[in-house]
Amino acid sequence: MTTLACDITLHRDGFTLRAALSAASETVAIVGPNGAGKTTLLRCVAGLARLDAGHVTLAGRTLDDVAGRVHVEPARRGLGVVFQDYLLFPHRSALDNVAYGLRVTGTRAAEARARARAWLDDVGLADRADARPGQLSGGQAQRVALARALATEPGALLLDEPLAALDVESRQDTRRRLRQRLRSFDGPVLLVTHDPVEAATLADRLVVIEGGTITQTGTVDEITRRPRSAWAARLAGVNLYQGHARDGRVTLAGGGEITVAGACHGAVFVAIPPAAVALFRSRPEGTPRNVWAGRVDGFDSFADRVRVHLAGAPPITAEITPAAAAELDLAGGGAVHAAVKATEVTTYPR
Amino acid sequence: MTGAPEPRPVIPAGVGVLSVLAVLLLTLPLLGLASRTPWADIPQLLRDPAVLQTLRLSLVASLSALALSTVLGVPLAWLLARVEFPGRRLVRALAVLPMVLPPVVGGVALLLAFGRRGLIGQVLFDLTGWSLPFTTAGVVLAETFVAMPFLLVSVESGLRTMDRRYEEAAATLGASRWTILRTVTLPLTAPSLAGGMALCWARALGEFGATISFAGNLPGRTQTMPLAVYLELESNPPAAYLLSFVLLVISVAVLLALRDRYLGQP
């Protein structure tokens, strides 16, 4: 089985990337906020950025080994890369773009063009072979870029935000096609994305990077069930806190205290779904719940619900019905009380 | 972007007057030249062996200067655009200095370097008995000295503004550095190269000061068109007008070839 493995340390302008991961014949999405180091990680694997320490191997072959002074040029890594804005050569037709990798590695023109034609056919663009990149739609350009990367029959595929440049309509169709294509690719695929939907639909496994370090890995299900970072919490749509638990009470790192139902001790994450948060104008009486005072910091209205952001200890986002929101007179701002049942709070060790 | 047309700007009175003066200043001489060109004599003048010789020499020398500038200038432009090395700014400044240097001074400097008693010229003469001044090769050298910076500046800026990630894409597809240069870098910077070459050639063709002070004015060997124009102005003005007109036509042709760069604004 082909395995891509890397352990990368890189310092650039005060930013440090430290990440180790491996991928077998599966699609691994590298996710996280902008500026987290996702693209840099991909560039290291592709050989376009030099590591300061660590190594990269593909199917047992060393591509980078800083200690052993090994650095294989990007041209000799046998990796297929699809860049964020595709970078199709503007002066070549779609066919010649796809044939490029074969031509520069010594395949005869006629054979290279025949194989390129087959790859274009494979992505459903046989009829656009003679089009210049400027004449292709965004989705078509993406498919040509994918065919160009696949035509060299790479050992692994690296995709940098493959759908970010597309508009909403073509994104769905292109994502579906990409998903099918990645299924039939026999090798590791690293997919950089900041879009949780893309990660969830295309990848078998997620690697969350924030601030240059990996904060969590796992399937979408595992990550949304037990988020361990701000990004993962947003993906899961929960309020996430870190704290210290003792005797059914958790003292939160950012201030505040939460009573929880289960037994737990030590350093924990506390997750509270917004829908489990109730809001009141005046302090509710006689309920064995977590209740604390806060101030409305802002809110987002959707068709059937309103997300209310509360400043307090701890700050929290509540999801309530428009009717409840109207009763609370949110626009007036001011003090409200948040209430959360202990049984609605999830805790898990840090 | 917006549907509404932009309101017509109000032209301050002074700006309008001065602009008209500027246009007159720039175009009246051309009109004068065109009006005095002896059209009827063209066939006869173009059969004149002396004129043909000058024309041929001008073309050979300027095209040779263009070739030399391209062969030497493109690699230097690449180096200046892509490689950090100590003294890069100094090298760039020196390389484009001829653009602002009075050409006559350039000619004198060339004489002091490549002349028979020059810095390198003396060694060359002692070794081979050959020296550059007053030869066609000297003309080529003088024209290259003055014209190459135009090509250099254009190509370097083309290389700088090019999106280098295309080169990275080519690399990930297995292309060697040389292949990338040939199949990606040069094609993507072709407009800058073509523009630089056209400017360089036009400048070489029109070169006067450096040529006359370094290579002299020998008919058939170093007398190019601008030099002939200058001489004929004394002895045979109609011939000077005609040769000038030929040079003007060539300049217009170069400008048309570069229209996307300089005439591209609406």
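The values are calculated or read from the model by the stated rules, or taken from the named source; none is laboratory data. Predicted model only: the values in this text are computed from it and were never measured. FYI the Cβ positions are ideal-geometry reconstructions off the backbone, even for glycines, and counts take in every protein chain you see.
Consider region A:48-59 and keep the residues that are small (Gly, Ala, Ser) and in contact (Cβ under 8 Å) with a residue 40 or more places away in the chain. The one that is nearest to A:ALA5 (Cα to Cα) is A:ALA59. B:PHE134 fulfils the conditions (1) at negative phi; (2) over 18 Å from the mean Cα position of the chain (by Cα) except for a single criterion, (1). Being surrounded by fewer than 13 Cβ atoms within 10 Å (Cβ to Cβ) and not β-branched (Val, Ile, Thr) holds for only one residue in A:ALA275, A:ALA263, A:ALA318, and it is A:ALA263. Working carefully through the options A:ALA94, A:ALA129, find the one that is under 20 Å from A:THR174 (Cβ atoms), among the small types (Gly, Ala, Ser) and at pLDDT 95 or above. Answer to the check: A:ALA94.
Matching residues to (1) away from every other protein chain (no Cβ under 14 Å); (2) at pLDDT 95 or above:
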position	(1), (2)
A:THR3	yes, no
A:ASP13	yes, no
A:THR16	yes, no
A:ALA19	yes, no
A:SER25	yes, no
A:GLY32	yes, no
A:ALA36	yes, no
A:VAL45	no, yes
A:ARG50	no, no
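A:VAL250 falls short on exactly one of the conditions (1) in a strand (DSSP E or B); (2) at pLDDT 85 or above; (3) under 27 Å from the mean Cα position of the chain (by Cα), and that condition is (3). All told, A:ALA165 meets the bar of being touching an Asp or Glu at 6+ places or on another chain (Cβ under 8 Å) and of a type outside the set (Lys, Arg). Which one is surrounded by the fewest Cβ atoms within 10 Å (Cβ to Cβ) among residues in region A:325-350 that are at pLDDT 85 or above and among the small types (Gly, Ala, Ser)? That would be A:ALA342.
Filtering region B:124-139 to residues that are surrounded by 15 or more Cβ atoms within 10 Å (Cβ to Cβ) and part of a helix (DSSP H, G or I) leaves B:LEU124, B:PHE125, B:THR136, B:ALA137, B:GLY138, B:VAL139. The criterion of at least 1 residues that are within 12 Å of A:ALA29 (Cβ to Cβ) and β-branched (Val, Ile, Thr) is met by the following helices (runs of 4 or more DSSP H) wholly inside region A:149-231: A:196-202, A:220-225. Looking at the structure I just gave you, is A:GLY124 outside any helix (DSSP H, G or I), surrounded by fewer than 18 Cβ atoms within 10 Å (Cβ to Cβ) and within 13 Å of another protein chain (Cβ to nearest Cβ)? Spelling it out, it is not the case that A:GLY124 is outside any helix (DSSP H, G or I), surrounded by fewer than 18 Cβ atoms within 10 Å (Cβ to Cβ) and within 13 Å of another protein chain (Cβ to nearest Cβ).
Residue check, A:ALA131 against (1) at the interface with another protein chain (Cβ under 9 Å from one of its Cβ atoms); (2) assigned to a loop (DSSP other than H, G, I, E, B), all met but one. Which one? Condition (1) is where A:ALA131 drops out.
Among the residues of region B:175-207, the ones that are at the interface with another protein chain (Cβ under 8 Å from one of its Cβ atoms) and surrounded by 23 or more Cβ atoms within 10 Å (Cβ to Cβ) come to 2 in all.
So that you can scan it fast, the table gives a plain yes or no per residue for (1) at the interface with chain B (Cβ under 10 Å from one of its Cβ atoms); (2) of a type outside the set (Asp, Glu); (3) more than 25 Å from the chain's Cα centre (by Cα); (4) assigned to a loop (DSSP other than H, G, I, E, B):
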residue	(1), (2), (3), (4)
A:ALA75	yes, yes, yes, no
A:TYR86	yes, yes, no, yes
A:HIS91	yes, yes, yes, yes
A:TYR100	yes, yes, yes, no
A:GLY106	yes, yes, yes, yes
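For region B:83-113, which residues satisfy the criterion of being surrounded by 11 or more Cβ atoms within 10 Å (Cβ to Cβ) and farther than 30 Å from B:PHE125 by Cα? Scanning region B:83-113 gives B:ARG88, B:ARG92.
Determine which member of the set B:LEU218, B:LEU132, B:LEU188 is in contact with a Gly (Cβ under 8 Å, 6 or more places away or on another chain) and either at pLDDT below 90 or under 28 Å from B:LEU94 (Cα atoms) (or both). Only one candidate qualifies: B:LEU132.
Between A:LEU157, A:LEU146, A:LEU125, the distinction of being in contact with a helix residue (DSSP H, G or I) (Cβ under 6 Å, 6 or more places away or on another chain) and aliphatic (A, V, I, L, M) belongs to A:LEU125 only. Just one of the listed residues (B:ALA137, B:ALA228) is of a type outside the set (S, T, N, Q) and either under 30 Å from A:ARG92 (Cβ atoms) or touching a residue at least 12 places away in the same chain (Cβ under 8 Å) (or both), and it is B:ALA228.
Rundown of residues vs (1) out of contact with any Lys or Arg (no Cβ under 8 Å at 6 or more places or on another chain); (2) assigned to a strand (DSSP E or B); (3) in the same structural domain as A:PRO315 (by TED's automatic domain parsing), yes/no style:
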residue	(1), (2), (3)
A:ILE258	no, yes, yes
A:GLY262	yes, no, yes
A:GLY294	yes, yes, yes
A:ASP297	yes, yes, yes
